[in-house]
Structures are given as structure tokens and as C-alpha cells.
Amino acid sequence: MRSVAKVVGITPMALYRHVTDRDHLLNTLADAGFEDLAARVAGTPLPPDPKEQLMKILDVFLDFAFAQPRMFELMFLEQRKGARQFPADFRADKSPTARFSAEALKLGMKQGIFRKDDVWEIVFETGAMLQGLVMLYVGGRVQLPQEEFRAQCHRAFRRYLNGIRK
């Protein structure tokens, strides 16, 4: 907490007026990141086709991860007390970002594009795939330019979506 206060140019006591401890600070930062990402998705025009909606949402997530890799890591991979957890928080619609994919999947199931299945499990699985791919990329384990990596992610998601087709 002292290091954070020093970096932002305030006293530790001033920081403690806003956050109670490290977990509160990390959750506050992560929540701001989730709000930002949710706003980006909400502000993106989505095509009518549910498969293409999911791909567009993927692109927004990738853009966010490329622009703010450490924030992405904090939001999705850092162990934090109080962080939302699967399955209870997803099913209770407490994830500000997962709901976009869930809506596209529900629409695809309603239209008969995807077979009926557990929407929240699919959201969780595709999110895990994205997070894993992004962390491998950010961690230097993937030697592809950004656009080629994006194309690789698209292919991976299309393979997954083909697997849940009706």
C-alpha cells in the first residue's frame, strides 16, 4: 500500500481513506476495468447473427487485452478475495462482461443455430479459452504479430462454436 501511495503521489493514510486494504484496492481496480470493458462491448454495434456477435465480442475483448494486458490479467486471472466466481455469480448475472456472450448464445439457441445447452458453462469455457490464449500471447509464448494472433483466436472460437452447432 505504501508503494502504491508513493506511485500515485499521496500519503498512505490518504490511500486508506479510499480503500481498506490490498484486496479492496485490487477489487476496486478490477471493477473499474470490468466497467470499462462492459462499456466498450455495449458501445459496439453487434451484427444480427449470433455467431458473428460472439466474434465481435471476442474482438472487443482482444482489443482491451492488447491495450491493457496487466489490467486484463488482474481482472481475469489474479486471485482476489471477493472476485466473482463461476458458477454462482455467473448464474446470478453478476458478471458485467459475461452477459453479452450469454445473450448472443441464448439468441443462437433460440434461432436453432446452437443446440440447447448450459449457456453459462459455454460462456465460462469460451472465456477460459480466451484468457488462456491472451496470457500465452502476453507472456511471450506466441510468436505471431497481433493480427495473426487475432486470426488464430477467431479460428479457435469458430472451431468451438462449430462444436456446439445444432
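For trypsin sites (Lys or Arg not before Pro), the sites in the stretch 97-136 that DSSP calls loop and that have at most 14 other Cβ atoms within 10 Å are Arg115, Lys116.
Over the chain, give the accessible area per residue in Å² for a 1.4 Å probe, as an integer.
Working: 9640 Å² over 166 residues.
Averaged over the residues of the chain, the accessible area is 58 Å².
Within straight cross-link reach of Lys116, meaning Cα distance under 17 Å, which lysines are found once same-chain residues fewer than 8 apart are removed? Answer for Lys116, where 17 Å is the Cα cut-off: Lys51, Lys106, Lys166, listed by chain and number.
Residues considered: Ala102, Ala92, Ala32. Largest GNM mean-square fluctuation over the chain, using C-alpha springs under 10 Å, is found at Ala92.
If only the Cβ of Lys and Arg carry +1 and only the Cβ of Asp and Glu carry -1, the dipole of the stretch 74-166 around its Cα centre is close to 260 debye. What a 1.4 Å probe finds exposed on the chain is 53% carbon and sulfur by accessible area, rounded to a whole percent.
Database remark: amide H of Phe114 closer than 5 angstrom to the amide H of Met109, Lys166 (H placed geometrically; neighbours at sequence offset of 5 or more, or on other chains; Pro and chain starts carry no H). Beyond 25 Å, what share of the Cα-Cα pairs of the chain is found? Please give it as a whole percent. Roughly 37 percent, rounded to a whole number.
Distance between the pseudo-spin-label points of Glu147 and Arg159 (7 Å out from Cα toward the beta carbon): 2.3 nm. Couplings 3J(HN,Hα) of the stretch 158-163, computed from phi: 5, 4, 5, 5, 5, x Hz, in residue order, whole Hz [Karplus 6.51 cos²θ - 1.76 cosθ + 1.60, θ = phi - 60°; x for Gly and Pro].
One decimal place: the segment Ala42-Arg91 gains 15.6 nm when fully extended, by the rule 0.36 nm per residue minus the C-alpha distance. Of all aspartates and glutamates in the structure, those lying under 18 Å Cα to Cα from Lys81, and not within fewer than 8 positions of it along the same chain, are Asp21, Asp23, Asp31, Glu73, Asp89.
The values are calculated or read from the model by the stated rules, or taken from the named source; none is laboratory data. This one's a predicted model, so the numbers in the text were calculated from it and none came from an experiment. Neighbour counts run over all protein chains shown; Cβ positions are idealised from the backbone, glycine included. When the accessible area is computed, the model is the full protein with side chains, heavy atoms only, and any ligands, DNA or RNA have been set aside. Shrake-Rupley method; radii C 1.70, N 1.55, O 1.52, S 1.80 Å.
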